[in-house]
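To start, the structure under review is shown below, and the notes come after it.
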Amino acid sequence: MARGLRCLLAALAFLASGTAVAASCCGGGGGGAPVLPKDGAVLWDLNAAVEHYHGFWAQDGRWLPDPPGARLSQYRLTPGHARRLGDRWQAYAILPLVVNRNHYSGREADTEGPGDLSLGLWYETFDEATCVYKVRRPADLRPSIYLGAGLVVPTGISPYDEVGDNFAITGRGFYRLDLSFDIEKTVYPWSVQLRLGYGRHFQRPVNREYGVYVAPYRLRLGDRRSLSLTLGYTWFLPNLAQLTLTGGYSDLREGRARIDGRLDPTTGLVRRSFSLSWAYSPAHRRWNARFSWGHAPRRDGWGENFPATDVFTLGVSHVLFL
Amino acid sequence: MCCSFRRLLVSLLMLALGGCGMGDDLLPSDSDLRAVSGGGAYLPGEPVGEATRAAPLETVDGAVVRLDELLNDPLEPPRAVVLYFTMWCPICLAHTDHLYNQVLPRHASEPVRFLVVDYVSGSWVDMRGAAQANGYLGAAGLEIVRDAEGVLFDRLHGAMGQVVVVDGEGVIRMNASYRDGGELEAVLDRLLP
C-alpha cells in the first residue's frame, strides 16, 4: 500500500466500517453511511478524518512495523447527504475527498483526489422511532431494523486508471454492491446496535496497471463481510441536549480476489478494530456533532494483509425535519 | 431502462470527474492497447536503457551493484533477472512470501536472480531494518537491494508490487503487477532451460 495501496485499502475500510453512533432512528446517528432519524426529511453531513498508519498485519496475522523512518497518514473530508424518499425509505450519498501525506526515509509523495462514491438506500421496518425511556410493556422492547443496499462507484483513482505510480491511488477501481442489516435499540440512557454487512465486487476487465498497458485480464475482488457492534450511553444535559458516548467493535473481512477465475493467494484481508465516539445534539436535534477514535490493536492476530491504523474523525450533521 | 439509468449515472460521473483525468474505472476497457503505448525502455520486448543498466543498487551490506554487472556476471551469467518493487507493505509482503515460497524454489538451480527492490528507504541501513522486520534479511536466493537514486523506479515505471523480468540480453520480458505470480511463472518457464 504504498501509500497507494494503503490509501486505497484504508479508504475501503473507512467506507465499510465507518464509526457508528448508536440511536440513529432517534437522531443520534452519524458516521459512515448517513442515516436519517425517523422524522427527518433531509440530512447534510460532513466528516473530517485523519488516519495514521502504524504498521500492518502480514497474511499470517503477524503485526509488523512500517519501514524505519516512515510516517504515513491519510486525510479525508467526506460530505454526505441523505434524503427521505417515503415513510420507510431513505437514500444517501457520500463522496470522500482523499489527501495522502506519506513520508518514507527515502521518498515523499503527497497526493489528493476523490475517493469512491457510495450511494445507498435504507428501508426502515418500523413506522415510529423505537427509542423509549422505560420499558412498560413488551412492545417497548421492539428494536429498529434497517435493511440497506448500497453501491460503491469507482470514482477514485485506482491502479487501473491513468496514474503514474501507486502513490496517487485514492480508490479501488471496482463497483461493489453492499447489503446491510442494522438492528438497534435504545432504552435511555442505553443504546445498542448491531450491523452486519455483505459486499460483492463486480468483475471488471483490466488492461492497464499503474499507467502501463498490460495483456487484458478479468479481475474480481473477494466478497466482503463486516460486523460492528456498539454500545452507547446518553446523558441528558440540563438544557435537554444529549451527550452520547459509544464504544464499538468491528470486524471486516474480504475474501481472495479472482484473476480470470483463478484465486489469487496473495489477496484477502481481515481487520478488527475498536472505536470510541462522543456525540452531542442540542435539544432541537437539528444538529449533531461527533468526535470518534477508531483503533486497531497493533498485535498479532488482529488483522491479516492490512494496515493497522488509528482514525480520528470530527463530524457534524444537520437535519431538516418533516 | 436499467442500462439507460446506468449510462446516465456514468455520464454524469464522468462529466463531473473527467476534468480530473479520472473515469476509466467507471467503464473499464478490455481492449489490448499495448501496441499503442508508443514504446519505451520499460515495456516488454524493449531493451532496458543505459541509465537503467547503470543504476546503483545498494545491498543490505551497503555495497553497490548495477544491473549491468548482474547481467554480465562472468561466473554465472543469468538467463533472467527478476526485479520485484517493494515498499514493505502488506501486499508487498504477501507477494514476497509467494515469490520466495512458491516461485523461487522451482528455479533454485537455474540461472536466474531474484531481486527485491526497495524504492522507499533512504539508506541501506533503513532497508536492512525493513528487510529484517519482514523476515527477509539473509533469505537464501533472494537479494534485497535499494534503488539508491530512484532510477529503476522512474525508468521502469515502477510501482508497488510491480515485477520486471529482464532476460540475459538485457531485454524486458515482463513489466506488470505481480498479481498471483502466474504471469511471472509463465515468463520464467519460457526463459529458463
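Values in this text are rule-based calculations from the coordinates and carry no lab data. Since we're looking at a predicted model, the values are computed, not measured. Here the Cβ positions follow ideal geometry from the backbone for every residue, glycine too, while neighbour counts run over all protein chains shown.
Find the centroid of the Cα atoms in segment B:146-178 and in segment A:247-321, then give the distance between the two in whole Å. For segment B:146-178 versus segment A:247-321, the Cα centre distance is 35 Å. Only one residue of A:L269, B:G40, B:Y178 has its Cα farthest out toward the positive end of the dipole of the protein assembly as shown, where Lys and Arg carry +1 and Asp and Glu -1 on Cβ, and that residue is A:L269.
Of the chymotrypsin sites (Phe, Trp or Tyr not before Pro) found in segment A:103-155, those that fall in a DSSP loop while having at most 16 other beta-carbon atoms within 10 Å are A:F126, A:Y133. Using the rule -39500 (n - 2.57) for each DSSP H run of four or more residues, divided by the residues of the protein assembly as shown, the 222 nm mean residue ellipticity is -3500 deg cm²/dmol. Each principal axis of the Cα cloud of segment B:44-136 was evaluated for its coordinate range; sorted largest first, these ranges are 33, 31, 26 Å. Each residue of segment B:96-193 gets 100 Å³ once the volume of the Cα convex hull is shared out per residue.
Counting only the Cα atoms, segment A:171-279 fills a convex hull of 123 Å³ per residue.
For segment A:2-321, a crude dipole built from +1 on the beta carbon of Lys and Arg and -1 on the beta carbon of Asp and Glu, taken about the Cα centre, is about 520 debye to the nearest 20. Counting only alpha carbon atoms, the long axis of helix A:7-16 and the longest principal axis of chain A meet at about 20°. Take each residue in B:119-131, count the other chain C-beta atoms within 10 Å of its C-beta, and the mean is 5. In segment A:105-172, what GluC sites (Glu not before Pro) fall in a loop by DSSP, with at most 16 other Cβ atoms inside 10 Å? Listed in order of number, the matching sites are A:E128, A:E162. Along its three principal directions, the equivalent ellipsoid of segment A:2-321 from the Cα gyration tensor extends over semi-axes of 35, 21, 18 Å, largest first. Taking GluC sites (Glu not before Pro) as exposed when their DSSP state is a loop state and no more than 15 other Cβ atoms lie within 10 Å, the longest site-free interval of chain B runs over B:1-148.
Per the Cα gyration tensor, segment A:101-192 maps to an equivalent ellipsoid with semi-axes of 44, 18, 8 Å, ordered largest to smallest. Mean partner shielding of peptide A:65-73, defined as the number of other chain Cβ atoms within 10 Å of each residue Cβ, is 6. What percentage of all Cα-Cα pairs in chain B are separated by more than 29 Å? Beyond 29 Å sits 30 percent of the P(r) for chain B.
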